[in-house]
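Student: Before we start, here is the structure in question, set down as C-alpha cells.
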Amino acid sequence: EPEVTQTPSHQVTQMGQEVILRCVPISNHLYFYWYRQILGQKVEFLVSFYNNEISEKSEIFDDQFSVERPDGSNFTLKIRSTKLEDSAMYFCASSRDREGQPQHFGDGTRLSIL
Amino acid sequence: AQSVTQLGSHVSVSEGALVLLRCNYSSSVPPYLFWYVQYPNQGLQLLLKYTTGATLVKGINGFEAEFKKSETSFHLTKPSAHMSDAAEYFCAVSERGGGNKLTFGTGTQLKVEL
C-alpha cells in the first residue's frame, strides 16, 4: 500500500538555525498537510496546501514557517530561526480529495532544538 | 470552532475484554469523524471514518464506531482486546463544507493487560 514518507526521522538543530523537513506524499494525492505534536500534547494542524498554494493555515503557522512543493513529488516545511518551543514531532499527511477524505500520515520527523 | 473531547487519557483493559474509547465533538453541524491509532515511534494510522450513511462503521483490526448525532458522540469499540491493540488512539473531526483540516482530541492511551 502506498505511504507517505518523511525525512529525516530525527533532526537536531541549534536554536536560531533554519530547518527543512521533507515529505513525499502519496503519488496520486492532491492535498497536503503539516501537523505537529509537542510532547505530551495533542496533534495540531499547521497548514494545508493545494495546487501550489496554501489553502488554510493555523495561527501557529506564522512568518517563521513556509511550505513548498519544489518538484512533482516532494513537499517541504521550512522553519526559519528555530526556537526551543519548536521542538516537536512534525507529521506530513496527504489526501486524494478535500471534502471528508481521510488523510494518510507519515511516521513523522522528531525535531529537537538545542 | 470545532472541538473534540476524549474522556479518559488512559484506559486499561484485560485481554479479551471489551474496549470502549469515548469521543464527543462540539460542532453546530455534524462533522466528518475519524479514529486514528498511533503505535510507538510511528505515524497516525486511520482506523475508520464516518462521512455519511450507516452510522455504525467498521474499521481495521476489529474496531468499530457508532455516530450518534443526538449525543454528539463517536465512541470506538472492540469486542475483545488483544495485546497488540496497546497504542494511543485519537479521535479527529473535519468540518463539512470547509477545508479538510483535522481537529484532534487529546488522545487515549490504551493499555491491555494479561
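The values are calculated or read from the model by the stated rules, or taken from the named source; none is laboratory data. Fair warning: this is a prediction, and the values are worked out from it, not measured in the lab. Glycine gets a Cβ as well: all are built from the backbone with ideal geometry, and neighbour counts include every protein chain shown. Heavy atoms of the whole protein, side chains included, go into the accessibility calculation; ligands, DNA and RNA do not. Shrake-Rupley method; radii C 1.70, N 1.55, O 1.52, S 1.80 Å.
Student: Regarding the range A:63-80, can at least one residue be identified that is in contact with a Leu (Cβ under 6 Å, 6 or more places away or on another chain) and at pLDDT below 95?
Tutor: Looking through the range A:63-80, none of the residues is in contact with a Leu (Cβ under 6 Å, 6 or more places away or on another chain) and at pLDDT below 95.
For every residue, the table says whether it meets (1) of a type in the set (Asp, Glu); (2) facing chain B (nearest Cβ under 9 Å); (3) free of Cβ contacts under 8 Å to residues at least 60 places away in the same chain; (4) surrounded by fewer than 18 Cβ atoms within 10 Å (Cβ to Cβ).
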| site | (1), (2), (3), (4) |
| --- | --- |
| A:56 | yes, yes, yes, yes |
| A:60 | no, no, yes, yes |
| A:87 | no, no, yes, no |
| A:102 | no, yes, yes, no |
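Student: Name every residue in the range B:7-38 that is outside any strand (DSSP E or B), under 30 Å from residue A:1 (Cα atoms) and open to solvent by less than 60 Å² (accessible area, probe 1.4 Å), in order of residue number.
Tutor: The answer is B:16, B:23, B:31.
Student: If you check residue B:23 against the conditions, is it closer than 19 Å to residue A:41 by Cβ, under 15 Å from the mean Cα position of the chain (by Cα) and more than 11 Å from every other protein chain (Cβ to nearest Cβ)?
Tutor: Against the criterion (closer than 19 Å to residue A:41 by Cβ, under 15 Å from the mean Cα position of the chain (by Cα) and more than 11 Å from every other protein chain (Cβ to nearest Cβ)), residue B:23 qualifies.
Student: Another question, then. Quick one: how many residues across the range B:39-65 are over 20 Å from residue B:3 (Cβ atoms) and either away from every other protein chain (no Cβ under 13 Å) or part of a strand (DSSP E or B) (or both)?
Tutor: Here the count works out to 13.
Student: Can I ask one more? Answer yes if at least one residue in the range A:27-47 is within 14 Å of another protein chain (Cβ to nearest Cβ) and in contact with a His (Cβ under 8 Å, 6 or more places away or on another chain), and no otherwise.
Tutor: Yes.
Student: Ok, one more. Take the residues in the range B:66-91 that are in a strand (DSSP E or B) and aliphatic (A, V, I, L, M), then tell me which one is farthest from residue A:99 (Cα to Cα).
Tutor: If we take residues in the range B:66-91 being in a strand (DSSP E or B) and aliphatic (A, V, I, L, M), then B:87 is farthest from residue A:99 (Cα to Cα).
Student: Okay, moving on. Does the range B:55-75 contain at least one residue that is within 27 Å of residue A:106 (Cβ to Cβ), among the charged types (D, E, K, R), buried (at least 17 other Cβ atoms within 10 Å of the Cβ) and at pLDDT 95 or above?
Tutor: Scanning the range B:55-75, I find no residue that is within 27 Å of residue A:106 (Cβ to Cβ), among the charged types (D, E, K, R), buried (at least 17 other Cβ atoms within 10 Å of the Cβ) and at pLDDT 95 or above, so the answer is no.
Student: Of all residues in the range B:82-114, which are crowded, with 17+ Cβ neighbours inside 10 Å, over 15 Å from the mean Cα position of the chain (by Cα) and either in contact (Cβ under 8 Å) with a residue 60 or more places away in the chain or more than 10 Å from every other protein chain (Cβ to nearest Cβ) (or both)?
Tutor: If the condition is that a residue be crowded, with 17+ Cβ neighbours inside 10 Å, over 15 Å from the mean Cα position of the chain (by Cα) and either in contact (Cβ under 8 Å) with a residue 60 or more places away in the chain or more than 10 Å from every other protein chain (Cβ to nearest Cβ) (or both), then B:95, B:112 are the ones that fit.
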